[in-house]
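Written out below as structure tokens is the structure these notes cover.
The values are calculated or read from the model by the stated rules, or taken from the named source; none is laboratory data. Note that the structure is predicted; figures quoted are calculated from it, not measured. So basically every Cβ, Gly included, is an ideal-geometry build from the backbone, and we count neighbours across all protein chains shown. Heavy atoms of the whole protein, side chains included, go into the accessibility calculation; ligands, DNA and RNA do not. Shrake-Rupley method; radii C 1.70, N 1.55, O 1.52, S 1.80 Å.
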Amino acid sequence: MRKTLGWLLSLVVLIGTMGAAGSTAQAATAAQPAAATDIKDQILGIPGMSLIEEKPYPGYRFFVLNYEQPVDHRQPWKGTFKQRLTLLHKDVSRPSVFFTSGYNVNTNPRRSEPTTIIDGNQVSLEYRFFTPSRPDPANWSNLDIWQAASDQHRLFSALKKIYKKNWLATGASKGGMTATYYERFYPRDMDGVVAYVAPNDVVNNEDSAYDRFFAKVGTKECRDKLNAVQREALVRREPLEAKYAVAAAENGWTFTTIGDLDKAYEAVVLDYAWAFWQYSLLADCASIPAAATASDQEIWDTIDTISGFSAYADQGLETYAPYYYQAGTQLGSPDIKQPHLKGLSRYGYQPPRNFVPRDIPMTFQPGAMADVDKWVRDNAHQMLFVYGQNDPWGAEPFRLGYGVRDSYVMIAPGANHGANVAKLMDDEKALATSKILQWAGVAPAAALADAGKAAPLAAPDAQLDQRDLEREPQLRP
């Protein structure tokens, strides 16, 4: 909703009467404000809201909560489930940020970058079907982007009665996608959207943008170094898979979902270059071993550090099953060629279907992302997209058409999947900060007159402001 709603404070006027023998006298007391209701009681007064715990944090109240949601928003009578969320409460007089990672919610106090910029409250919602926010029994057909957006809309509608100032939606990676989809389906809820490193795979079967990205990212020296390690890992498949089998036995890893250890091993190796650019910087290339002279242990260590050999074991896949399901039904997933592995790769980039238990049916819906992409190009209003120059997920970004209003796409030079406003060039950083403050309704007069004077309103806090860059499976945003 593109307007600020005022906070109405009800006053109770107490009128007392006094009597005296032979006469009566009447006096009215001065109007007194009603005793303020504690914010926890206000929140728990929302039907379906329950408290898991409250954790102290200086300057805030921090609550971990459950909110009862319909399993199917189109048929709410068909049952409910408890969806976990957190609330970092500053003050009802401040604007609020609606954050989601698109995965599990962090139950420790955290503050997203927009929350710091506007010095506001933050609501963080766990994405449906990520445990424990999963219906039981789970009908996986109810896991889609509209249902998730409807979760956000319903929670926002309940909280807006308490937090009446402006709201912004935000998230990074799959969370940035989630914030965008929420805006597409409920464009009147938020006063602005800040979507970080949000992939936009419009046509799932056309992934040449990723091939072009990997042909030019960083330097040739670094690309060649990464490619050589990947190739060497497949040349040495037999001894390294023997190490993998030992590690699996030690850690209790099994490979039922993907099929076998060989498929899991290759999937981890093929993720290596992608994972490097997603999480590392060009300067980190110095830590990559020279493949030709590296020992088996050195090859193992660098791949395990960057890709992670646990990723495609059943135990690694289980947590992310809701993501893989969505990738294989609506979001899409990349498929890059990696010609340097020709003759060595047995499976290529494996599809999401290989990472979801076979008893969960999956059918891809090719129109889902095309619909969102068209809507953003034609209708974006007060939306900011931030990407990292060296992040593979930025190869297919959201783009803006001529009909958009007050919306922007900005790229942080040299940045990876952790790109944010603070990493933009100075002019763009100032503009982005100014816009976030304006959309939240808290821009100081100086920032309105000169974007160069825009700055975060909250003081830095090393613990609150740390970004939990979730170690998401590679190829997964």
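Observations, loosely collected:
- Matching residues in region 232-273 - criterion: being among the small types (G, A, S), out of contact with any Leu (no Cβ under 7 Å at 6 or more places or on another chain) and within 18 Å of K342 (Cβ to Cβ): A267
- Complete set of residues in region 221-233 that are among the aliphatic types (A, V, I, L, M) and open to solvent by less than 10 Å² (accessible area, probe 1.4 Å): L226, V229, A233
- Residue within region 146-162 that is β-branched (V, I, T) and either within 16 Å of the chain's Cα centre (by Cα) or part of a strand (DSSP E or B) (or both) present: no
- For region 252-263, a residue qualifies if it is in contact (Cβ under 8 Å) with a residue 40 or more places away in the chain and either acidic (D, E) or within 14 Å of W300 (Cβ to Cβ) (or both), and exactly one does: D262.
- V246 vs. criteria out of contact with any strand residue (DSSP E or B) (no Cβ under 8 Å at 6 or more places or on another chain) and surrounded by 12 or more Cβ atoms within 10 Å (Cβ to Cβ): no
- Scan of region 301-323 for residues that are closer than 16 Å to Y103 by Cα and assigned to a helix (DSSP H, G or I), ordered by number: G316, L317, E318, T319, A321, P322, Y323
- When restricted to residues that are more than 13 Å from T180 (Cβ to Cβ) and in contact (Cβ under 8 Å) with a residue 40 or more places away in the chain, region 397-414 contains 1.
- Selection status of Y387, assigned to a strand (DSSP E or B) and not hydrophobic (A, V, I, L, M, F, W, C): yes
- Filtered residues of region 116-141 (kept if small (G, A, S), part of a loop (DSSP other than H, G, I, E, B) and surrounded by fewer than 24 Cβ atoms within 10 Å (Cβ to Cβ)): S133, A138
- Close pairs (8 angstrom Cβ cut-off, 6 or more residues apart or separate chains): free of Cβ contacts under 8 Å to residues at least 24 places away in the same chain and hydroxyl-bearing (S, T, Y) in region 429-456, in a helix (DSSP H, G or I) and open to solvent by 70 Å² or more (accessible area, probe 1.4 Å) anywhere: S434/L448
This table checks each residue for (1) open to solvent by 10 Å² or more (accessible area, probe 1.4 Å); (2) within 21 Å of the chain's Cα centre (by Cα); (3) of a type in the set (V, I, T).
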position: I288; (1), (2), (3): no, no, yes
position: Q297; (1), (2), (3): yes, no, no
position: D301; (1), (2), (3): yes, no, no
position: G316; (1), (2), (3): yes, yes, no
position: A327; (1), (2), (3): no, yes, no
position: G332; (1), (2), (3): no, yes, no
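- Breaking point among (1) part of a loop (DSSP other than H, G, I, E, B); (2) buried (at least 22 other Cβ atoms within 10 Å of the Cβ), for L87: (1)
- All positions within region 91-115 that are more than 27 Å from Y323 (Cα to Cα) and surrounded by fewer than 22 Cβ atoms within 10 Å (Cβ to Cβ): D91, V92, S93, R94
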